[in-house]
Amino acid sequence: MPAVVVVGGQWGDEGKGRIVDLLARKARVVARYSAGNNAGHTIVNELGEFKLHLVPAGIFYTEKTCVIGNGVAIDPEVLLGEISQLESRGIDTSKLAVSARAQVVMPWHRLIDRLDEERRGADAIGTTGKGIGPCFTDKVARRGIRIVDLLEPEDLLARMRAVVDYQNAVITGVYGGEPIDFDECFEQYQEFGQRLRPFVADTQALVVEALHSGEYVLLEGAQGSLLDLDHGTYEYVTSSVPSSTAGGATLGVGIGPTDVQRAIGVFKSYCTRVGNGPFPTELFGEMADKLRDHGKEFGRGEYGTTTGRPRRIGWLDTVAARYSVGFNGLSALALTRLDVLDGLPALKLCTAYEIDGEMVKTMPASPSALRRAKPVYEELPGWSEPTSGVRNFDDLPAEAQVYIRRVESLLGVPVDLISVGPEREQAIIVNPIF
Ligand code: IMP
């Protein structure tokens, strides 16, 4: 059986966890393949509300194996905290498998992330401050520490001896920061290794074995594709290697491109972004506040799961979305939070940018061109009826159906799934994905 990839199609926070939670029913393995605890999912099910940063959203199904693949940067303290929080609420974590090859977020990564943002001042990226960028930088520079190193104190000691002096020279020399205490760090991380030992596995073999025995494997992306190092709005991107795009999924768990059958892109029915960087359809004022605070009283407003920062809001940008459909090779879309648009008199879809008097329908590489881009909008009528109780496409208000069909035709991909609220059953399956 093939693997199915679920990616965020925009700048993150599209509601992937919610979609993975729904699709996980049919899969035997659910695997995270990139990024780290800069990501955050909120999942609401019959057991309550959960905020996950590293553990795959499939953990709520007891019979699923949940993999944290080699492509993920793991902060062991965060992972252990998440495991004990899940266990204290009665969730079985015994099917969690952590790749021995995954990189470890070390204290110097978090420190350098913060110091580097301070140094950038007004040009800061607006990172989540979780050390993810510096961790992947070290991976590529062959200075990383991997989960496997934490398991053997002698190996950890040797790896740390090879890198801590370098990191302290950077921290003190470049940034004027306080050096890392070697002994304290070594003690803490070797203890993390012992606590993580029961979860560490050969996850690559496990995923391949599931595929060979005819089971579905669901590959769960973190972050949005427009934060990708190559295709995103560089330099305001995240540094995950492998990338959070569909292409990164194979590298991040250790399978090949021919193993992937479908790539599902999760898009909000509008757009949000946290952190800095160009955002052509960004809205300000009353309309932005209205969309951001929809459902705020139920903890559902547009505020980051990881940092609590208010998210920037805008109309759905189909230029950026079409680009994302192309470089991810998306076969279908899942459109989330349609209910947030209920009650708006009119909706706008950005179909092109006007840049220096020219109509542009593809994503410019230049950040300054993107900043100058004026969105060209198509206006569609809104609907007044609430959609949160709708379970069939045909029962949606006619204007909502028109909006969705227009998105499909602008992007050239069918909308297979629509979510109209945070609960598991608040979803409309337009075409079955499995
Ligand atoms: P970093 O991943 O913490 O280095 O942050 C780099 C950029 O990616 C910043 O603009 C962050 O706001 C953004 N980012 C990272 N993770 C997420 C996420 O899960 N959702 C939305 N934006 C994110």
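Couple of notes before you dig in:
- For the stretch 158-175, backbone phi angles converted through the Karplus equation (6.51, -1.76, 1.60; θ = phi - 60°) give residue-by-residue couplings of 5, 5, 5, 4, 6, 10, 5, 4, 4, 5, 5, 5, 5, 4, 7, x, 7, 9 Hz, Gly and Pro being listed as x.
- Calculated translational diffusion coefficient of the stretch 1-156 (37 °C, 0.692 mPa s; Stokes-Einstein with Kirkwood radius over alpha-carbon pairs) equals 198 µm²/s.
- Contact order for the stretch 303-434, expressed relative to its length and based on alpha carbon pairs under 8 Å spaced 6+ residues apart, stands at 29 percent.
- For the stretch 95-109, putting each phi into the Karplus relation 6.51 cos²θ - 1.76 cosθ + 1.60 with θ = phi - 60° gives couplings of 9, 7, 10, 10, 5, 5, 8, 5, 6, 10, 7, 9, x, 5, 5 Hz, in residue order, rounded to whole numbers and with x for Gly and Pro.
- Annotation: amide H of VAL266 within the under-5 Å range of VAL7, GLY8, GLY9, ALA334, sequence separation 5 or more or interchain, hydrogens built in the peptide plane.
- Counted over the chain, the DSSP beta bridges are approximately 40% antiparallel.
- DSSP-defined beta bridges in the stretch 305-434 - what % are antiparallel, rounded to 5: 75 percent
- Proximal aspartates and glutamates to LYS139, defined as alpha-carbon separation beneath 16 angstrom and excluding residues fewer than eight positions away on the same chain: ASP75, ASP113, ASP149
- Pairwise FRET efficiency - THR305 versus LEU157, Cβ, R0 = 30 Å, nearest 0.05: 0.25
- When the Cα convex hull of the chain is projected onto planes of every orientation, the mean area is 20.3 nm².
- Expressed as a whole percent, the accessible surface of the stretch 1-155 that belongs to carbon and sulfur atoms is 48, based on a 1.4 Å probe.
- Residue-normalised accessible area of the chain, given per residue in Å² at a 1.4 Å probe: 39 Å²
- P(r), alpha carbons of the stretch 336-434 - 10 Å bins starting at zero, rounded %: 14, 38, 28, 18, 2
- Distance in nm between pseudo-label sites at GLU385 and SER88 (7 Å out along the Cβ direction from Cα): 4.5 nm
- Cross-link pairs beyond the 27 Å C-alpha cut-off, checked among LYS290/LYS361; LYS16/LYS64; LYS16/LYS296: LYS290/LYS361
- Pairs of Cα atoms nearer than 8 Å and 6+ residues apart set the relative contact order; for the chain it is 20 percent.
- Per-selection metrics, the stretch 1-46 (Cα): Rg and Dmax in Å: 11.2, 31
- When the P(r) is computed for the stretch 250-376, the part past 16 Å accounts for 69% of the Cα-Cα pairs.
- The HN-Hα couplings worked out from phi for the stretch 195-210 by the Karplus form 6.51 cos²θ - 1.76 cosθ + 1.60 (θ = phi - 60°) are 6, 7, 2, x, 9, 6, 8, 7, 5, 5, 5, 5, 5, 4, 4, 4 Hz, whole numbers, x standing for Gly and Pro.
- Computed over the stretch 58-147, the Cα gyration tensor eigenvalues convert (square root of 5λ each) into semi-axes of 29, 16, 10 Å, ordered from largest to smallest.
- With the helix formula -39500 (n - 2.57) applied to DSSP H stretches of n ≥ 4, the chain reaches a computed 222 nm mean residue ellipticity of -9500 deg cm²/dmol.
- Normalised per residue, the volume of the convex hull around the Cα set of the stretch 144-285 (Å³): 193 Å³
- Each peptide in 389-400, 336-347 was scored by the mean count of other Cβ atoms within 10 Å over its residues; highest first, the order is 336-347, 389-400.
- Contact order normalised by residue count of the stretch 249-326, Cα under 8 Å, 6+ apart, percent: 34 percent
The values are calculated or read from the model by the stated rules, or taken from the named source; none is laboratory data. Since the structure is predicted, the reported quantities are computational estimates derived from the model, not experimental observations. Cβ sites come from the backbone with ideal geometry, for glycine too, and all protein chains shown count toward neighbours. Quick note on the areas: whole protein, heavy atoms, side chains included, nothing else; ligands and nucleic acids left out. Shrake-Rupley method; radii C 1.70, N 1.55, O 1.52, S 1.80 Å.
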